[in-house]
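A quick write-up on the structure given underneath.
Just so you know, all these numbers are worked out from the coordinates, no wet-lab data involved. Because the structure is predicted, anything quoted here is derived from the model rather than measured. Ideal geometry is used to build each Cβ from the backbone, glycine not excepted, and the neighbour counts take in all protein chains shown.
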Amino acid sequence: MELIKITENNGEKAVSAKELYEFLGFDRSQWSRWYQKNIMQNDFAIEYSDYQTIDLVSNGNPTKDFALSLDFAKRLSMMARTEKGEHARKYFIECEKVAKNPLQNISRIDLAKMIIESEEENQRLQIELKENEPLVVFAKALQISEHNILIGELAKILKQNNIEIGQNRLFIWLRDHSYLIRSGEQYNLPTQKSLELGLFEVKTTTINNPDGSVRVTKTTKVTPKGQKYFINKFLKHNLKIV
C-alpha cells in the first residue's frame, strides 16, 4: 500500500489531514486539538490554498477532515519532528517531483519503499559514524586536515596508513559504494546521503572566459569529518581496493 494516500481536490494533488495525523502516530483522542492548532489557527496556512475543510459525521458526531496541499502536508510533517514525519516529508517531496514530471514512471508504492530504505541506510551510516569515531586514535599518521581536501589528498592519507590506494581507484570505490554519483551531469559529485552525513562539500568556481562566456566548475572536497570517516572505515574493516 502507499505510504500515505494521495487524492485530488479541485484538480490538485491532496492529502487527508486525518490520514497524515494517524500515519505520524499521534494520539487519536487529540485529533481535534491538533487540527485546530496546526491548521485552523495556523497564521501561515491559507484556506482554499493550503487546505480545504471537509465536514464529516463519525459515529453520529460531527467532525472534520482537511484536504491538504502536498506543500502544506510537507510542512506539517516537518513540524512533527519525528522519524515518521521525516519519512512523510520526503515522500511528499518525491510525489511533487513525479507530479511535475509525468514521464517519470514510478509508482507510489515503489516510492514509499525507496524512501524508507534510504532512511534505514542513513540511520545505519549514522550509527557507523559514531562507532568509528574512537578508532581515529589507531591511525598511524593523523594528517587529518582542519580544512576540506581533494579526494586525491585523501588517497595519500590512506596510503600513509598502509592502505594501498590511488586517486583513480578511490574515485571508483566511492562511486561503487554510493558515496559519489556514478553518471550524468552530476558525475563524481556527492550523493545526497554523503552530503547529509557531512562527508563531502562541493566547491563551486565561476570562470570568466576570454570570449565573455562564463564557465562554472564544481569540485568535490572531503570534509574533516569525512576524512576521519573513511580512514576509520578502511582501518576498522581492513578494506583493500583492488
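Just to verify a number: FRET efficiency for residue 233 and residue 153, C-beta to C-beta distance, R0 = 30 Å, to 0.05?
After rounding, the FRET efficiency stands at 0.95.
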### Query
What is the Cα centroid distance between segment 1-63 and segment 72-93, reported in whole angstrom?
14 Å
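I'd like to compare 162-171, 53-62: which one has the highest average count of other Cβ atoms within 10 Å, and what's the full order after that? Please report the intermediate quantities before stating the final value.
On the way: 162-171: 15.0, 53-62: 8.9.
The packing order, highest mean first, is 162-171, 53-62.
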### Message
For the pair residue 33/residue 214, report the inter-label distance in nm, with labels modelled 7 Å from Cα in the Cβ direction.
### Response
5.3 nm
#### Entry: Sparse-neighbour loop sites [trypsin sites (Lys or Arg not before Pro); segment 1-49; at most 16 other C-beta within 10 Å; DSSP]
5
